[in-house]
């Protein structure tokens, strides 16, 4: 089979190439998936370039990475392991093929062996490309919005709503009944309005922290802010959650990136006993079933930007870096002719 192989850490165009490799053999609890679509998200770029360096110590290999990048996929079950009970050959599935988003999972290949717990049946009303866009970004959105038992919120603001994760967070918040304000560049505001945003803000024209509006919840995808900065924009019981995606360069700290600042804010937040009590990460099977239900109900429609062949993964990463609208999708196995 054909697969993208990563020879080392560095610029995608230098370290990635398409090669012929053996088709994986699924273990007893794994499913062999013929990959119809695999998505890009920021963690994939970080693992390819090896920035920040600390990611290399978190399971992907210090000197030499695992061979094939990609974590999020959708496709058709080709074969199953001896202990697989949830799927059969021919099922259309979506999910993740790595334990964490910062590890190479093997999605950028014609076939991938995936633990059955990391997959769910794909709803019939979404495409393979749409389904592949959900797992990692959706899980981040779901966890930061409060998990499976999210509190009732009347007003939500998402800063950086037009990236990989923001559109999913927007639609989950809308499904929960919130009025959502989406902040991003002007080019992405029409997409955000089409997804149901009640208000949109061009961050180049207006600072949402200084417009006099207050929100029950602020999800900040692109920045880290200290309490005194965001408190004037929150209601009395409002909450601010920073995600602050690390930049696509090593100008901050090539060893740790933005992790020290992010972890510092998390530790400060966890001093609150109420937040510690509520904090619980959603497990993969639960998250995937949540996304499946939302997509089947038409409450979650992932936005696909462009699709790319395996040999075009470097170009797809470049377009993700520059912020093109919609998700960049790799299509290792396009549909067979009927």
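The values are calculated or read from the model by the stated rules, or taken from the named source; none is laboratory data. All values derive from a computational prediction rather than experimental measurement. A quick note on method: Cβ atoms are made from the backbone with ideal geometry, for glycine too, and the neighbour counts reach across all protein chains shown.
What to note about this one:
- The selection criterion, being surrounded by 24 or more Cβ atoms within 10 Å (Cβ to Cβ), within 19 Å of residue 329 (Cα to Cα), assigned by TED's automatic domain parsing to the domain that holds residue 24 and free of Cβ contacts under 8 Å to residues at least 60 places away in the same chain, does not hold for residue 107.
- The residues of the stretch 166-186 that are farther than 23 Å from residue 237 by Cα, touching a residue at least 60 places away in the same chain (Cβ under 8 Å) and touching a strand residue (DSSP E or B) at 6+ places or on another chain (Cβ under 9 Å), listed by number, are 167, 185.
- Positions within the stretch 137-177 being surrounded by fewer than 22 Cβ atoms within 10 Å (Cβ to Cβ), in contact with a helix residue (DSSP H, G or I) (Cβ under 9 Å, 6 or more places away or on another chain) and on the phi > 0 side of the Ramachandran plot, in sequence order: 146, 147
- Any hit, the stretch 57-66, residues being modelled with pLDDT of 90 or more and either touching a strand residue (DSSP E or B) at 6+ places or on another chain (Cβ under 9 Å) or in the same structural domain as residue 111 (by TED's automatic domain parsing) (or both): no
- Helices (runs of 4 or more DSSP H) wholly inside the stretch 268-338 containing at least 3 residues that are at pLDDT 95 or above: 284-296, 313-321
- Check on residue 2, under 25 Å from residue 129 (Cβ atoms), touching a residue at least 40 places away in the same chain (Cβ under 8 Å) and in contact with a helix residue (DSSP H, G or I) (Cβ under 9 Å, 6 or more places away or on another chain): yes
- Filter result for residue 70 (in the same structural domain as residue 324 (by TED's automatic domain parsing), modelled with pLDDT under 95 and either surrounded by fewer than 18 Cβ atoms within 10 Å (Cβ to Cβ) or part of a loop (DSSP other than H, G, I, E, B) (or both)): no
- Here residue 188 meets each of (1) farther than 17 Å from residue 303 by Cα; (2) surrounded by 15 or more Cβ atoms within 10 Å (Cβ to Cβ) with one exception, condition (1).
- Positions within the stretch 105-119 being within 16 Å of the chain's Cα centre (by Cα) and either assigned to a strand (DSSP E or B) or farther than 19 Å from residue 65 by Cα (or both), in sequence order: 118, 119
- A count restricted to the stretch 178-231 and to residues that are touching a helix residue (DSSP H, G or I) at 6+ places or on another chain (Cβ under 8 Å), in a helix (DSSP H, G or I) and within 17 Å of residue 164 (Cα to Cα) stands at 2.
- Residues being part of a helix (DSSP H, G or I), buried (at least 24 other Cβ atoms within 10 Å of the Cβ), on the phi < 0 side of the Ramachandran plot and under 22 Å from the mean Cα position of the chain (by Cα) are represented in the stretch 35-45 by at least one member.
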